[in-house]
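Report on the following structure.
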Amino acid sequence: MKRRDKHNYYLDIAQTVLERGTCLRRNYGAIIVKNDEIISTGYTGAPRHRKNCTDIGICRREQLKIPRGERYELCRSVHAEANCIISASRRDMLGSVMYLAGKDMSTGELINDASSCEMCKRLIINAGIDKMVIRNTPDKYTVVEIESWVDNDDTLSGKTGY
């Protein structure tokens with residue numbers, strides 16, 4: 001029997017976490033791992049005690065046909081990466097790896113070109129996370145060195161994520 005490699009093992013967990021998400025458009029699951037220990041998990045959903053999109057049955061960004069990567073201030077949800085960081089202490093995140101998996105809710109398919117939005121990138125940088133591993137398919141993933149986000153500052157070029 002062939003063992004699952006570590007990155008896919010943690011991505012499988014992140015994919016399970018995304019199933020708690022409450023976005024009608026795209027759900028993400030994130031986990032932070034350090035020294036083979038899960039530090040925290042997070043998924044896409046409204047702030048505590050507020051109604052989720054799944055509760056009210058509408059996505060404002062979808063209603064307004066806002067393209068991916070734009071106008072997040074209209075979204076009810078807190079992103080999975082942010083929720084994951086909120087649930088961890090910085091000292092535990094220093095030198096860690098964040099795993100991210102996303103699912104398109106209209107198709108049920110994995111999002112194969114996922115990336116964090118600019119605000120989440122800032123949070124990840126400040127949290128002290130070293131790497132991000134993003135699921136592309138059930139077995140393939142992309143590894144991103146967070147330092148590359150500092151060296152190649154996307155906010156200067158206008159590129160967006162999610």
Counting only residues in region 108-150 that are part of a loop (DSSP other than H, G, I, E, B) and closer than 15 Å to THR44 by Cα, the one farthest from the chain's Cα centre (by Cα) is identified as ILE111
Output the residue which, of all residues in region 35-69 that are open to solvent by less than 70 Å² (accessible area, probe 1.4 Å), assigned to a loop (DSSP other than H, G, I, E, B) and of a type in the set (S, T, N, Q), is nearest to SER96 (Cα to Cα). THR44
Please go through region 128-143 and pick out each residue that is closer than 16 Å to LYS34 by Cα and surrounded by fewer than 21 Cβ atoms within 10 Å (Cβ to Cβ). GLY128, ASP130, LYS131, VAL143
So which residues in region 75-107 are in a loop (DSSP other than H, G, I, E, B) and either open to solvent by less than 70 Å² (accessible area, probe 1.4 Å) or in contact (Cβ under 8 Å) with a residue 24 or more places away in the chain (or both)? CYS75, ARG76, SER77, HIS79, SER87, ALA88, SER89, LEU94, GLY95, SER96, MET105, SER106
Give the residue that is modelled with the lowest pLDDT, with candidates limited to residues of region 1-29 that are over 13 Å from THR41 (Cβ atoms) and among the hydroxyl-bearing types (Ser, Thr, Tyr). THR22
Would you confirm, using the coordinates I've provided, whether TYR72 is open to solvent by 40 Å² or more (accessible area, probe 1.4 Å), among the aromatic types (Phe, Trp, Tyr) and under 15 Å from ARG25 (Cβ atoms)? yes
Inside region 124-149, can you point out the residues that are modelled with pLDDT of 95 or more and hydrophobic (A, V, I, L, M, F, W, C)? ILE124, ILE125, ALA127, ILE129, MET132, VAL133, ILE134, VAL143, VAL144, ILE146
Subset of region 108-124 that is without any contact (Cβ under 8 Å) to a residue 12 or more places away in the chain and out of contact with any Ser or Thr (no Cβ under 9 Å at 6 or more places or on another chain) - its residue that is surrounded by the most Cβ atoms within 10 Å (Cβ to Cβ): GLU109
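The values are calculated or read from the model by the stated rules, or taken from the named source; none is laboratory data. Small disclaimer: the values here were computed from a predicted structure and weren't measured. A quick note on method: Cβ atoms are made from the backbone with ideal geometry, for glycine too, and the neighbour counts reach across all protein chains shown. Heads up: the accessible areas ignore ligands, DNA and RNA and are worked out on the full protein's heavy atoms, side chains in. Shrake-Rupley method; radii C 1.70, N 1.55, O 1.52, S 1.80 Å.
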